[in-house]
1. Name every residue in the stretch 260-293 that is in contact with a strand residue (DSSP E or B) (Cβ under 7 Å, 6 or more places away or on another chain) and of a type in the set (Val, Ile, Thr), in order of residue number.
2. For the condition in the same structural domain as Ala144 (by TED's automatic domain parsing), farther than 23 Å from Ile133 by Cβ and of a type in the set (Asp, Glu), what is the one hit in Glu245, Glu222?
3. Identify the residue in the stretch 245-270 that is under 24 Å from Tyr320 (Cα atoms) and β-branched (Val, Ile, Thr) and, among all such residues, is surrounded by the fewest Cβ atoms within 10 Å (Cβ to Cβ).
4. So how many residues does the stretch 312-329 have that are part of a helix (DSSP H, G or I) and over 9 Å from the mean Cα position of the chain (by Cα)?
5. From the list Phe215, Phe176, which one is surrounded by fewer than 21 Cβ atoms within 10 Å (Cβ to Cβ) and not acidic (Asp, Glu)?
6. Ala177 is checked against (1) part of a loop (DSSP other than H, G, I, E, B); (2) closer than 25 Å to Lys137 by Cβ; (3) within 28 Å of the chain's Cα centre (by Cα) and fails just one. What number does that condition carry?
Amino acid sequence: MLKRLKQRLESILKGVEEELEEREAEELTAEIKPEKEEEDSKREKAKKEGKRIPILQIELTESLLDNVLWQIELAMLENNVAEEAASHICESVKGKLVGRVVSRRDVGKLVKDAVRKGIERLFELQEIRIEDIIEKKKKEGKPALILFFGFNGAGKTTTMAKVAYMLLKKGYSVVFAAADTFRAASIEQLEEHARNLNIKVIKHRYSSDPAAVIFDAMKYAESKNIDVVLADTAGRSHADRNLLEELKKIVRVNKPDLRILVLEAIAGNDILEQARRFEEAGVDGVILTKWDVDERGGAAISAVYVLQKPILFVGTGQSYEDLEHFNKEKLLHEIVGR
């Protein structure tokens, strides 16, 4: 999980450390005069005993950092971090370190820590708890409405079922709104999840107005004192209607309490286009699917950089239980270590 980027960063920083140690050794050798045999003997003895030669100081110049950060940026790009996000992180590292005078043995650690901080800052976003949203609406005597966006194939409907399972386990009542009225068999797929979870589905016929489906689901939830409506939506446009306009209409008519964008962790750079496409309809949070098979780790960084919205959960398998709260610290540890 996320091994590739971490291994590349470790390799780059190790290379930097080795290069600086070689440079240090050359400079020390040049400084030692032949007549200082006793000093030379002490150095040789220290080497045999495993002791380090005193470390020289070095200034972290822009040119030195540019070389290191170019390699780091390339490693990020190779691991599905969007170019804009990778460049932003590297610029933040440069701004933090240029001009500092440090011991050469600390350069690798300082760069690593600065990269970690640069990534960490992207995730410093307001936390969203679905339970808090539901509880607030319950106090108002109304059901909460949660919309799920995402292109077909990202696992949107299955993810919605996983969220329903989680909420049921916490004691909340749920109803589904089958508002993807375009994709063939989308309603039947949702109904299958509903049967497994013993949840009611509010549906209309195919090609009907999805905003009306959700509106009816909210009315049903109100009449039955159901806590939350989870609404599926179309993942691609109709032949004669624009997907984005349809989603904006759903939002305008039904005023959702939470809009979740479902993205594949393995989508690569396509995740940028997907995030920007749905951003216009309004996104409050993200769920990343197929997290368990993603070895690159860049999707989380890219999505958060573009949307500036938190990742709520990650999907880690096919079962309803396979939904985990996103853990920022775990991600940082798996990418850059402690």
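The values are calculated or read from the model by the stated rules, or taken from the named source; none is laboratory data. On a predicted model such as this, the values are computed, not experimentally measured, just so you know. Because the Cβ atoms are built from the backbone with ideal geometry, glycine has one as well, and the counts that use them run over all protein chains shown.
1. Within the stretch 260-293, Ile260, Val262, Ile271, Val283, Val286, Ile287, Thr289 meet the criteria.
2. Glu245
3. Checked the stretch 245-270; the qualifying residue surrounded by the fewest Cβ atoms within 10 Å (Cβ to Cβ) is Ile266.
4. Looking only at that region, the number is 1.
5. Details: Phe176 fails: surrounded by fewer than 21 Cβ atoms within 10 Å (Cβ to Cβ).
Matching residue, one of Phe215, Phe176: Phe215.
6. Checking Ala177 against (1) part of a loop (DSSP other than H, G, I, E, B); (2) closer than 25 Å to Lys137 by Cβ; (3) within 28 Å of the chain's Cα centre (by Cα), the one that fails is (1).
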